[in-house]
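Have a look at the structure below before the remarks.
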Amino acid sequence: MNASTPSNRKRPAFEKLLIGPAMVLGESLAGGHYLDVLCLGKQMATGRVAPSYYKIHRTLVHESKGFLPAFYRGFYPWGLVQCTKGLPVLFVQHESMHLLQQRAGMEQSAAGNLSGCLGGIAQAIFVTPFQKIKVSVVASSNVNMLTPTEAFMAVIQRDGIAGLYSGLLPTMLRGSIDWGLRFGISLHMKECMLEEKRNSSEEVKLSLLESISCGLVGGATSALTQPIDNIVTNCQKPLPPGTSRAVHAVMLRMYRESGMKAFTRSMGLTVVDSAWHMAWMFGVGNVLYDWMDKSLQEPEHRPHHQKSKLHPCTSYTGDQVYDYCYNID
């Protein structure tokens with residue numbers, strides 16, 4: 001995720017395994033979960049005219065008996081568990097980008113796109129079962145009233161264990177393209193900003209707001225994968241017994257019921273949702289990683305100005321004072 005990865009590092013960036021879920025949790029609590037719920041409501045609609053976001057919102061508030069329960073509908077436990085989707089994507093993207101740059105000699109832009117694709121595929125495999133149950137909870141007020149264990153068993157009884165992975169292939173396709181665009185565009189924006197700073201003799205480092213703006217652009221661009229996301233949602237939503245969930249059958253059914261609109265529904269809100277999500281994952285996540293990386297550095301790798309000062313009550317040799325003053329190790 002960084003613009004460059006050090007070639008002399010001693011270990012993988014395990015911090016990413018903590019930062020990813022933390023960023024998804026922060027984004028979800030700050031409104032990202034509800035944006036996702038509204039998108040799902042729009043995507044699961046049938047007919048040529050889909051209900052407005054306001055109507056979906058009013059329905060959710062009525063069924064959930066209040067705004068706050070509707071705002072976090074499906075968040076506990078499935079949305080909360082789904083925060084773990086940040087666990088594989090940042091780590092896999094960061095490590096694969098390091099290998100692609102250092103071992104394969106790829107340029108940053110190409111490595112950013114390809115590593116994003118690999119991170120998206122890892123996330124798709126990891127999160128599909130949780131997304132399946134989350135879709136069922138959002139789609140059905142009856143499932144929403146069940147306990148986590150009851151909801152899980154209800155989905156298993158209805159669709160079988162294999163049903164938890166319905167829509168996996170389009171999810172992997174969507175995830176690879178989606179995260180490839182997110183990281184590729186965000187890294188390109190970051191490099192353009194850094195190049196401008198180099199030319200203007202400014203400090204070659206992005207602020208938090210500048211990193212967030214890179215994530216916003218990359219996330220908004222990834223909304224181009226919305227048609228695939230709509231197919232995934234229609235593969236996973238509750239269907240009558242015996243209804244095929246094969247991708248081609250789902251696409252034909254979507255077209256018969258709603259025409260081409262079935263593939264572009266919720267595009268506008270998805271732009272906002274994806275931009276908000278990537279602002280956290282790329283912007284805040286990058287700044288947090290840089291801080292953690294500096295904090296965890298071994299003393300001998302820290303900048304010289306961070307060395308401890310000479311103690312006034314201690315005797316030092318002339319060589320020791322010389323070494324300290326001229327930063328000689």
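The values are calculated or read from the model by the stated rules, or taken from the named source; none is laboratory data. Here the structure is a predicted model, which is why all the values come from computation and not from measurement. Here Cβ is always computed from backbone atoms with ideal geometry, including for glycine, and neighbour counts include all displayed protein chains. Please note that ligands, DNA and RNA were not included when accessible areas were found on the heavy atoms of the full protein model with its side chains. Shrake-Rupley method; radii C 1.70, N 1.55, O 1.52, S 1.80 Å.
General remarks:
- V81 being crowded, with 19+ Cβ neighbours inside 10 Å and in contact (Cβ under 8 Å) with a residue 40 or more places away in the chain: no
- Only one of K205, K197, K190 that is basic (K, R), touching a residue at least 12 places away in the same chain (Cβ under 8 Å) and open to solvent by 20 Å² or more (accessible area, probe 1.4 Å): K190
- Residue that is farthest from the chain's Cα centre (by Cα) [pool: residues in the stretch 106-147 that are open to solvent by less than 20 Å² (accessible area, probe 1.4 Å) and under 11 Å from F183 (Cβ atoms)]: A111
- Any hit, the stretch 34-44, residues being without any contact (Cβ under 8 Å) to a residue 24 or more places away in the chain and either of a type in the set (D, E) or not in a loop (DSSP other than H, G, I, E, B) (or both): no
- Qualifying residue in the stretch 215-232 (condition: in contact with a Gly (Cβ under 7 Å, 6 or more places away or on another chain), part of a helix (DSSP H, G or I) and either of a type in the set (A, V, I, L, M) or surrounded by fewer than 23 Cβ atoms within 10 Å (Cβ to Cβ) (or both)): yes
- Residue that is under 20 Å from Q131 (Cβ atoms) and modelled with pLDDT of 90 or more, where the choices are V61, V37, V89: V89
- Matching helices (runs of 4 or more DSSP H) fully within the stretch 102-165 where at least 3 residues are aliphatic (A, V, I, L, M), modelled with pLDDT of 80 or more and farther than 25 Å from T59 by Cα: 108-139
- Those residues of the stretch 136-169 which are touching a helix residue (DSSP H, G or I) at 6+ places or on another chain (Cβ under 6 Å) and aromatic (F, W, Y), in sequence order: Y165
- Residue within the stretch 200-209 that is part of a helix (DSSP H, G or I), at pLDDT 90 or above and not hydroxyl-bearing (S, T, Y) present: yes
- Answer from R11, R103, R73, R48 - the residue that is charged (D, E, K, R), open to solvent by less than 10 Å² (accessible area, probe 1.4 Å) and either over 30 Å from M260 (Cα atoms) or in contact (Cβ under 8 Å) with a residue 12 or more places away in the chain (or both): R73
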